[in-house]
Amino acid sequence: MGGAMFDLAGRTALVTGSSRGLGRAIAEGLADAGAAIVLNGVDAARLAETAAALRARGVVVHEACFDVTSEPEILAAFARLDGQGIEIDILVNNAGIQFRRPMVELDTADWRRVIETNLTSAFVIGREAAKRMIPRGRGKIINIASLTSEAARATVAPYTAAKGGIRMLTRAMTAEWAAHGIQANAIGPGYMLTQMNAALVKDEAFNAWVVGRTPARRWGRPEELIGTAVFLASAASDYVNGQIIYVDGGMLAVL
Ligand code: GCO
């Protein structure tokens with residue numbers, strides 16, 4: 001079986017929240033498979049730094065600095081891409097935040113902020129991407145889900161609700177867009193070594209729980225999502241629709 005089915009040459013991928021963390025790792029991996037990258041973040045300086053690092057590796061990089069919770073900024077970003085003749089073949093809805101607090105102490109504003117960033121943004125950006133993919137008869141949408149798309153953990157209710165929504169939004173996208181040649185799927189990362197989880201890694205008890213609860217007996221590394229991302233972004237997954245692939249060291253597979 002040749003590697004051609006995994007080749008992303010000639011394709012352009014928009015990865016939201018890609019100036020660092022999982023998004024940056026996925027962007028780098030898609031670029032290594034041949035894709036041009038539209039990087040997104042809200043911090044222009046950090047975005048430019050990441051873009052420079054990718055360009056130093058010979059990657060074709062466009063910078064799209066916009067807030068994924070702002071519909072006007074999203075629409076303006078897509079209008080700029082349209083104007084530049086940049087077609088998004090692959091969309092990775094990665095942008096997300098975490099906010100840990102018991103629900104009885106949780107302000108509604110904080111709830112809304114997490115839902116808007118982690119779920120609503122995937123709908124709005126997915127809609128704008130699909131509007132442009134449908135006439136072309138092809139497209140790949142990869143939503144970043146979570147272990148919390150399947151199981152809840154105390155103190156992360158808005159994140160859990162949002163990621164549960166990502167699970168079903170992926171299926172809704174499939175219901176409406178698969179007939180148009182768009183494959184919408186999701187990746188469910190396990191406990192990964194990211195800045196968002198830095199406090200958890202440092203917490204001895206939590207770290208022991210993750211290591212003990214994960215059959216692989218370790219945290220995951222962001223680059224360990226790349227193979228699944230390239231698979232879901234490539235022709236190798238042209239008949240895969242509405243699925244979540246968990247890259248979690250086996251955590252969800254065992255009690
Ligand atoms: C937490 C973590 C998790 C992980 C990830 C697991 O506070 O439990 O942030 O949410 O980051 O989502 O898949």
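The values are calculated or read from the model by the stated rules, or taken from the named source; none is laboratory data. Given the structure is predicted, the values throughout are model-derived calculations rather than measurements. We place every Cβ from the backbone using ideal geometry, glycine too, and count neighbours over all the protein chains shown. Areas reflect the complete protein model, heavy atoms only, side chains present, ligands, DNA and RNA absent. Shrake-Rupley method; radii C 1.70, N 1.55, O 1.52, S 1.80 Å.
Restricting attention to segment 200-213, the residues being within 11 Å of the ligand (Cβ to nearest atom) and surrounded by fewer than 19 Cβ atoms within 10 Å (Cβ to Cβ) number 5.
With the requirement that a residue be within 9 Å of the ligand (Cβ to nearest atom), open to solvent by 20 Å² or more (accessible area, probe 1.4 Å) and not polar (S, T, N, Q), what does segment 185-199 give you? Residues satisfying the conditions are TYR191, MET196, ALA199. With more than 23 Å from SER237 (Cα to Cα) and either modelled with pLDDT of 95 or more or assigned to a strand (DSSP E or B) (or both) as the only criterion, which of ALA172, ALA186, ALA162 stands out? So the residue among ALA172, ALA186, ALA162 that is more than 23 Å from SER237 (Cα to Cα) and either modelled with pLDDT of 95 or more or assigned to a strand (DSSP E or B) (or both) is ALA162.
Candidates in segment 58-77 are the residues that are in a helix (DSSP H, G or I) and open to solvent by 20 Å² or more (accessible area, probe 1.4 Å); of these, the one that is farthest from ALA229 (Cα to Cα) is PRO72. Scanning segment 135-171 for residues that are of a type in the set (Val, Ile, Thr), in contact (Cβ under 8 Å) with a residue 24 or more places away in the chain, crowded, with 17+ Cβ neighbours inside 10 Å and within 11 Å of the ligand (Cβ to nearest atom) returns ILE144, VAL156, ILE166. Sub-7 Å Cβ pairs linking a first residue in segment 76-92 that is touching a residue at least 12 places away in the same chain (Cβ under 8 Å) to a second residue that is open to solvent by less than 10 Å² (accessible area, probe 1.4 Å) and among the hydroxyl-bearing types (Ser, Thr, Tyr), at least 6 apart or interchain, are VAL92/THR16, ordered by first then second residue. The number of residues in segment 34-57 being in a helix (DSSP H, G or I) and either open to solvent by 10 Å² or more (accessible area, probe 1.4 Å) or of a type in the set (Asp, Glu) (or both) comes to 8.
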